[in-house]
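Asks: Encoded as structure tokens, here's the structure I'll be asking about.
Every read-out reported here was derived from the displayed coordinates using simple, explicitly stated rules and does not represent laboratory data. The structure presented is a predicted model; accordingly, all values stated were derived computationally and were not measured. Using ideal geometry, Cβ is built from the backbone for each residue, glycine included, and neighbour counts are taken over all protein chains shown.
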Amino acid sequence: MSESILLRDVEGGVATITLNRPAARNALSIALMTEMESALAALAADRSVKAVVLAANGPAFCAGHDLKEMQELEGRDAVAAVFAQCARVMTAIVRLPQPVIARVHAMATAAGCQLVASCDLAYAADTARFATPGVNIGLFCSTPMVALSRVVGRKQAMEMLLSGQPVDAATAQAWGLINRAVAPERLDAEVAGMAGLIAAKSPHTVRLGKEAFYRQAEMGLDEAYAYAAGVMTANLLARDAREGIDAFLTKRHPRWEGC
């Protein structure tokens, strides 16, 4: 039996999903995206999972869409369906109740770069590179642009999109595409440390906070403050907030109930 194209593991409240098409540089085939949709839906419903790590096997993190597969598609509807599926995967990451951390060990291009930009946090080996090179083959990275332009500045996003040239991990960090670039041998510890830190927080509070972050970012200033005040009010009245405040005041470790 052939090995799964998407590996799944849960340990200590942290789930790891690993792209596993190394020979295809983890290109996002229809089958792989279908597996990702299923895995993300299952994780969203699993209250035992507090954080999610998105990793990959092989020489690349993700090379974007599977161009060989795309070339074989017939008709506008078939092509549109692939991009619609990709959008569902990316939005599922953003809307997942748990924070998602990208563990980027190598090159991430096109929809692979979009995948990194869609994650809540991203840590990369300092040897990794990032690119939206579609323009080089006559296919502008319009859908990767959506996620990219929401995490880096406009000028930086346009430089990547128009030039098609890769940027190194240090530049990606400076531009805000990733949180931190570290030596390859430190990447696992960096990701595990952050995942463990998040997993130790109140899952109810983290869920509220993640959803609120993305919702307020699309609002005007006054609307955002009104919305955030409502979120904080509900948060303060939750059991975990009461427990956390009492634990802080009495100098003890909180016991989260997840509500």
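Asks: For region 6-199, give the magnitude of the charge dipole about the Cα centre (Cβ charges: +1 Lys/Arg, -1 Asp/Glu; no others), in debye to the nearest 20. Write out the running numbers ahead of the final one.
Replies: Working: 16 positive and 17 negative charges, 87 e Å.
Magnitude of the dipole: close to 420 debye.
Asks: Okay, moving on. Which of SER4, ALA23, GLN114 sits closest to the plus end of the dipole of the chain, meaning its Cα is farthest towards the positive end, when Lys and Arg get +1 and Asp and Glu get -1 on the C-beta?
Replies: My answer, from the dipole projection, is GLN114.
Asks: Here is a further query. I'd like to compare 238-245, 117-124, 182-189, 48-55: which one has the highest average count of other Cβ atoms within 10 Å, and what's the full order after that? Intermediate values should be presented prior to the final figure.
Replies: Numbers: 238-245: 15.8, 117-124: 25.1, 182-189: 13.9, 48-55: 22.1.
Taking the mean over residues of other Cβ atoms within 10 Å, the ranking is 117-124, 48-55, 238-245, 182-189.
Asks: For every helix of n ≥ 4 consecutive DSSP H residues, a contribution of -39,500 (n - 2.57) applies; sum these over the chain, divide by its total residues, and give [θ] at 222 nm rounded to the nearest 500 deg cm²/dmol.
Replies: Values: 11 runs with 127 residues, N = 259.
Result for the chain, helices only: -15000 deg cm²/dmol.
Asks: Can I ask one more? What shape does region 60-142 have by the C-alpha gyration tensor, where a ≥ b ≥ c are the square roots of the eigenvalues, rounded means a/c under 1.5, and otherwise prolate means a/b greater than b/c and oblate the rest? All intermediate terms of the calculation are to be shown ahead of the outcome.
Replies: On the way: a/c = 2.61, a/b = 1.35, b/c = 1.93.
The shape class here is oblate.
Asks: Just the C-alpha atoms of region 10-64: what Rg/Rh do they give, with Rh taken as the Kirkwood radius? Write down the numbers at each step before the final one.
Replies: Numbers: Rg = 12.0 Å, Rh = 11.8 Å.
Rg/Rh: 1.01.
Asks: I've got another one for you. On full extension of the chain, what length is gained from ALA189 through THR250, given 0.36 nm per residue of separation minus the C-alpha to C-alpha distance? Display every interim value, and only then the final one.
Replies: Values: separation 61, 0.36 × 61 = 21.96 nm, distance 3.19 nm.
Separation in residues times 0.36 nm, less the Cα-Cα distance, equals 18.8 nm.
Asks: Would you work out the Kirkwood radius for region 203-249? I mean one over the mean of 1/r across all pairs of different Cα atoms, in Å.
Replies: On the way: mean 1/r = 0.0883 Å⁻¹.
After inverting the pairwise mean of 1/r, the radius is 11.3 Å.
Asks: With +1 on each Lys and Arg Cβ and -1 on each Asp and Glu Cβ, how big is the dipole of region 203-249 about its Cα centre, in debye rounded to the nearest 20?
Replies: On the way: 5 positive and 7 negative charges, 32 e Å.
Computed about the Cα centre, the dipole is about 160 debye.
Asks: Which of the residue pairs LYS50/LYS201; LYS50/LYS251; LYS50/LYS210 have a Cα-Cα distance greater than 19 Å in the structure shown?
Replies: Details: LYS50/LYS201 8 Å; LYS50/LYS251 24 Å; LYS50/LYS210 12 Å.
Too far apart for the 19 Å limit: LYS50/LYS251.
Asks: Sticking with this one: Restricting to region 6-199, compute how many DSSP beta bridges are antiparallel as a %, nearest 5. Display every interim value, and only then the final one.
Replies: Values: 8 of 29 bridges.
Restricted to region 6-199, the bridges split so that about 30 percent are antiparallel.
Asks: What FRET efficiency comes out for the pair LEU67/VAL10, r = Cβ-Cβ distance, R0 = 45 Å, nearest 0.05? Display every interim value, and only then the final one.
Replies: Details: r = 33 Å, r/R0 = 0.73.
That gives a FRET efficiency of 0.85.
Asks: Still on this structure: Expressed in nm to one decimal, what extension gain is obtained for the pair ASP77 and THR91 from 0.36 nm per residue of sequence separation less their Cα-Cα distance?
Replies: This chain segment gains 3.0 nm when fully extended.
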